[in-house]
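Notes follow once the structure below has been shown.
The values are calculated or read from the model by the stated rules, or taken from the named source; none is laboratory data. Note that the coordinates shown come from a computational prediction; the quantities given were computed from them, not determined experimentally. Neighbour counts are summed over all protein chains in view; Cβ atoms, including those assigned to glycine, are modelled from backbone coordinates with ideal geometry. Side chains included, ligands, DNA and RNA excluded: accessible areas come from the protein's heavy atoms. Shrake-Rupley method; radii C 1.70, N 1.55, O 1.52, S 1.80 Å.
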Amino acid sequence: MTRRVFHERVTLAFQDHVAEVALARPREHNGLDWAMIDALLAAQQHLCELQGLRAVVLRGEGESFCAGLDMAAILSRPERLPALLAPDERGIDPVQRLALGWREAGVPVIAALHGHVYGGGLQIALGADVRVVHPEARLALLEIVWGIIPDMAISVTGESIRSDVLRELAWTGRKVAGREAVALGLATRLADDPQGTAREVATAVAARSPKAVAAVHELFARSAGMS
């Protein structure tokens, strides 16, 4: 097994063709401060460079997957905000890349969701291909509480979810439990042990033909807007 740590906020372990990415700020429910943002972007880049990668597990350490933006920490360095919202040559800014960047690895990403999955945390999870959720997890788009919008590419990552569902959640900030999250399409399946189940799914994927898995990934990625 190889292991790397990014900015003391994210760990990445790689073994048997499966990478496990863990948000590692448990005392703050893995809230997104500047170091966490930098760490997630660096981990995404590293996944794109890993030879032999076939699947990714995305999880959070401690009591929650991710409680969203740590607003106090973000606002403590306002000079960084313009760069956070500056688009690259493809028109994608770093905030959006936090959710979209998992797709660039070209392999299935399975997120394990438990505890708080709020705001930016939910939008990061929506960037995964599969989401395994604990029945007692709570999912919400809480940006409205701060008077802002969920702009981490949710119009793309939420394309398989009914638009009225996303609108209601974005307008109200309502928290939904795991079972309702599955019913609404926010999550794929329930599990009492989301992390263990996510690992099982990733291991099963890694055992299949990598060319076929990659082709399925490309098929669904390219067909979304086609007839």
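Quick check on region 132-153. Is at least one of its residues of a type in the set (Phe, Trp, Tyr) and buried (at least 22 other Cβ atoms within 10 Å of the Cβ)? Write out each step before concluding.
So in region 132-153, the residues of a type in the set (Phe, Trp, Tyr) come out as 146.
Going one step further and asking which of them are buried (at least 22 other Cβ atoms within 10 Å of the Cβ), we end up with none.
No, there is no match, as no residue in region 132-153 is of a type in the set (Phe, Trp, Tyr) and buried (at least 22 other Cβ atoms within 10 Å of the Cβ).
Scanning region 69-111 for residues that are touching a residue at least 24 places away in the same chain (Cβ under 8 Å), farther than 20 Å from residue 12 by Cα and either within 13 Å of the chain's Cα centre (by Cα) or open to solvent by 30 Å² or more (accessible area, probe 1.4 Å) (or both) yields 69, 70, 71, 77, 80, 92, 95, 96.
Evaluation of residue 160 against the conditions (1) surrounded by fewer than 24 Cβ atoms within 10 Å (Cβ to Cβ); (2) part of a helix (DSSP H, G or I); (3) polar (S, T, N, Q) shows that the sole unmet condition is (2).
Pairing each residue of region 142-156 that is within 13 Å of residue 122 (Cβ to Cβ) with any residue that is among the hydrophobic types (A, V, I, L, M, F, W, C) and open to solvent by 70 Å² or more (accessible area, probe 1.4 Å), provided the two are 6+ apart or on different chains, yields C-beta distances under 6 Å for 143/149. Of the residues making up region 177-192, those that are free of Cβ contacts under 8 Å to residues at least 40 places away in the same chain, open to solvent by 50 Å² or more (accessible area, probe 1.4 Å) and not hydrophobic (A, V, I, L, M, F, W, C) number 1.
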